[in-house]
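The values are calculated or read from the model by the stated rules, or taken from the named source; none is laboratory data. It should be emphasised that the depicted structure is a prediction, and the values quoted were computed from it without experimental measurement. Positions of Cβ are backbone-derived with ideal geometry, glycine not excepted, and every protein chain shown enters the neighbour counts. For accessibility, only protein heavy atoms count, side chains too; no ligands or nucleic acids. Shrake-Rupley method; radii C 1.70, N 1.55, O 1.52, S 1.80 Å.
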Amino acid sequence: MSDEEKRRLRSQAWFEGRGARNFANRGWVRSRGVPMDHFDGRPVIGICNTWSELTPCNSHFRELAQHVREGILEAGGVPMEFPVISPGEMLTRPTAMLLRNLCSMDVEETLRANPLDGVVLLMGCDKTTPALLMGAASVNLPTIGVSGGPMLNGSFRGKSFGVKDAWNLAADLRAGRAVNEDFEEAEGCLTRSVGVCNVMGTASTMASMVEALGVGLPDNASIPAVDARRRVLARMAGRRIVDMVREDLRLDKVLTREAFENAIAVNAAIGGSTNAVIHLTAVARRMEVPLDIEDWHRVGRDVPTLLNLQPSGRYLMQDFHEAGGLPVILRDMCESGLLHGDALTVTGRTLAENNAGAVCWNPDVIHSVAKPFMVTSGVAILRGNLCPNGAVIKPSAAEPRLLKHRGRAVVFENQDDLGRRVDDPDLDIDADSVMVLRNCGPKGFPGMPELGMLPIPAKLLKQGVTDMVRISDARMSGTSFGAVVLHVSPEAAVGGALAVVRDGDLIELDVEARRLELLVSEQELQQRLAAWKPPAAVATRGYVRLYVDTVNQAHDGCDLQFLVGRSGSDVPAAQH
Ligand code: FES
């Protein structure tokens, strides 16, 4: 055993010694068939698994965990796999975001409570990645993230077919340009394998963030879920985490301020999801790294979009991988001075060292800093009297003509109101109107659902309208697109200005100037706010009550207030 291994590991407090408790701890673990020599001070590694049949994107994780396990054993560690709740994006009601923080608590408390020296996080569907990173950040053990990988390219009637194509087909159906049979056939062509959505949606954005933060191995983001190389990556992560424990390479050495700045810049370069703003803020706050919504503007504003991938571009995740994957972008950005190339990663090497040899095999998929795909970048932060604490828009996903726009508000009180009226032929709306949806924020819904891409009214779709300015306190799916202003903070349910917008008010959006203004006088706005009454409580018990009572606003990451910061890994044992 090396000197590094002789350093007393956390797990030895459970397993080393002659006390009755040590006897019982070893005995109970041996009941699984674990030999006695596994208690000689080897690193004990948790494999935190979000496998669930209720999260189809992660349904290959039991197999993936086996590959991690083999890597851990090869490196001389002891694997201990454990489940945590799995907030799947597609099936969870009212929204997986409501459960992100609960999942993070599950991770945090399981890590703290058990004899683990390090952990491999198996993450895939949207919220599983931030939830696991948040929980692990609060505990600060040596940690590696392994993402599940994207599903294969969809293929529909001889053409590549992604989630953005599915959104367009849904709009065609509402406009009468497609029929139900088209839709049903497309459904089976979109999801051809396990894995996460095959566009740069939130799941692949967050997998890219894992790689950009340095908390995952190179190629983590783009290897398809069913590709053998995904299994190899899992195995290598299993090997590496054992060494990380021996080196005492904890999460706080990787998740530094520089790492978060790298992630913000990479999110811009890949045309990443607006959800990353909330999730990275929450992870940073857990890690006690100062990160502000303004950092998204400061760090990301000069970064062009390099990736021609849906929803901002044309290709799908499998194409991205075949073109060279995220290492190509990381190498180019390091060489161009857009990243902190000296940021330490879980490999023990720097980000620049990890990606130095990356080659681009298809410049139409992965463009370069010298010849970008788009000069506009991923996320812009807006301010103004409608959003004094900020709002978010993804300019690369909007029709450029709408990035500076003034229009009259058409207000929807909530999701039900929207559903009832949006396709009403008598709705007083035209292509220049600004659609406003409120009471869909963290507290108001609750859980801040992905309703921000309000559907364009059917009568306007039939006129050929393809984009409109839409504003809400909701989020939107990373697969969504349009001139959509999201995350308005403060939200309507806590008395933000969004709560008092009226039909016919003029609203002005100016992305270049980073402004979003309700064009009423300050006096009028204050009078309306003074007369505003908070909505009735929506949650009376259980976790949802806890969430509504304590959740932060969007600009603070939507974490529960009492979860911000670290708890650490020291937990006293009960004495007996
Ligand atoms: Fe799970 Fe898209 S629904 S990644």
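Modelled this way, with points 7 Å down the Cα-to-C-beta line, the labels at Gln463 and Glu53 are 4.9 nm from one another. Taken along the Cα-to-beta-carbon direction at a fixed 7 Å, the label points for Asn114 and Arg18 span 3.1 nm. How big is the gap, in Å, between the Cα center of the stretch 488-553 and the Cα center of the stretch 47-61? So the two Cα centres are separated by 37 Å. Neighbours of Tyr315 by Cβ distance under 10 Å: Lys/Arg scored +1, Asp/Glu scored -1, total -2. Selection among Ser138, Pro442, Ala75 by position relative to the dipole of the chain gives Ala75 as farthest towards the positive end (Cβ unit charges, Cα centre).
Only Lys, Arg, Asp and Glu count, each charged at its Cβ (+1, +1, -1, -1), so figure out the dipole size of the stretch 1-100 about its Cα centre, rounded to 20 debye.
Working: 14 positive and 12 negative charges, 106 e Å.
Approximately 500 debye in magnitude.
Once you list every other residue whose beta carbon is under 11 Å from the beta carbon of Asp556, what net charge do they have if Lys and Arg are +1 and Asp and Glu are -1?
On the way: positive: Arg285; negative: Asp292, Asp559.
Charge balance in the 11 Å sphere: -1.
Note on surface exposure: Lys459, Lys127 rank Lys459, Lys127 by accessible area, highest first, 1.4 Å probe.
Every helix of 4 or more DSSP H residues in the chain counts as -39500 (n - 2.57), and over all residues that averages to -10500 deg cm²/dmol at 222 nm.
Annotation: Cys48 carries an accessible surface of approximately 0 Å², with a 1.4 Å probe and no ligand, DNA or RNA atoms counted.
Determine, from the Cβ-Cβ distance of Arg515 and Arg7 and an R0 of 41 Å, the FRET efficiency 1/(1 + (r/R0)^6), rounded to the nearest 0.05.
Details: r = 55 Å, r/R0 = 1.33.
It comes to 0.15.
Pull out a ≥ b ≥ c, the square roots of the eigenvalues of the alpha-carbon gyration tensor of the stretch 164-297, then state rounded if a/c is under 1.5, prolate if not and a/b is larger than b/c, and oblate in the remaining case. Oblate is the answer for the stretch 164-297, as a/c is 1.5 or above yet b/c matches or exceeds a/b. Size descriptors for the chain (Cα atoms only): Rg and Dmax, in that order, 24.0, 80 Å.
If R0 is 60 Å, what FRET efficiency do you get for Lys533 and Glu247 from their C-beta distance, rounded to 0.05? Walk me through the numbers before you get to the answer.
Values: r = 57 Å, r/R0 = 0.95.
Between Lys533 and Glu247 the formula returns 0.55.
Would you work out which of Gly124, Met209, Val196 lies farthest towards the positive end of the dipole of the stretch 119-231? Charges go on Cβ: Lys and Arg +1, Asp and Glu -1. So the residue furthest toward the plus end is Met209. The listed residues Asp182, Asp117, once ranked by accessible area (1.4 Å probe) with the largest placed first, stand as Asp182, Asp117. Counting heavy atoms of the protein chains alone, Ser377 has an accessible area of about 20 Å² for a 1.4 Å probe. Which residue, Pro304, Met287, Leu339, has the largest displacement toward the positive end of the dipole of the stretch 280-339 when charges sit on each Cβ (Lys, Arg +1; Asp, Glu -1)? In the stretch 280-339, that residue is Met287.
Label positions at Gln523 and Asn362, each projected 7 Å from the Cα along the C-beta direction, are separated by 6.2 nm.
Any idea what the dipole of the chain comes to, in debye rounded to 20, about its Cα centre with Lys/Arg Cβ at +1 and Asp/Glu Cβ at -1?
Numbers: 62 positive and 71 negative charges, 220 e Å.
That gives a dipole near 1060 debye.
To the nearest ten degrees, helix 202-213 and the longest principal axis of the Cα atoms of the chain are 50 degrees apart. In terms of its C-alpha gyration tensor, the stretch 226-295 comes out oblate, because a/c is 1.5 or above while a/b does not outweigh b/c. Is the stretch 331-393 best put as rounded, prolate or oblate by its Cα gyration tensor, with a ≥ b ≥ c the root eigenvalues, rounded for a/c under 1.5, and otherwise prolate when a/b is larger than b/c, oblate when not? Here the stretch 331-393 falls in the oblate category. For the chain, the longest principal axis of the alpha carbon atoms and the long axis of helix 20-30 meet at an angle near 70°.
In the assembled protein chains, Phe82 presents an accessible area of approximately 20 Å² (probe radius 1.4 Å).
Quick check for me: using +1 on Lys/Arg Cβ and -1 on Asp/Glu Cβ, what's the dipole size of the stretch 341-416 about its Cα centre, in debye to the nearest 20? Spell out each step's value before the answer.
Numbers: 8 positive and 6 negative charges, 84 e Å.
I would put it at about 400 debye.
Sort Thr274, Thr540 by accessible area with a 1.4 Å probe, largest first.
On the way: Thr274 0, Thr540 110 Å².
Ranked list, largest accessible area first: Thr540, Thr274.
Here the relative contact order of the chain, from alpha carbon pairs under 8 Å that lie six or more residues apart, stands at 14 percent. For the stretch 202-244, the relative contact order works out to 26 percent when only alpha carbon pairs closer than 8 Å and six or more residues apart are counted.
Any idea how far the Cα center of the stretch 416-442 sits from the one of the stretch 69-144, in Å? For the stretch 416-442 versus the stretch 69-144, the Cα centre distance is 38 Å.
Cys residues of the chain that find no other Cys beta carbon under 4.7 Å: Cys48, Cys103, Cys189, Cys197, Cys334, Cys360, Cys387, Cys440, Cys558.
Gap in Å between the Cα centre of the stretch 333-362 and the Cα centre of the stretch 173-213? The stretch 173-213 and the stretch 333-362 have Cα centres spaced 29 Å from each other. The local environment of Ala186, defined by Cβ-Cβ distances under 13 Å, has a net charge of -3 under the rule Lys, Arg +1 and Asp, Glu -1. Measuring nothing but how far apart in sequence close Cα pairs (under 8 Å, 6+ apart) lie, relative to its length, the stretch 145-266 scores a relative contact order of 32 percent.
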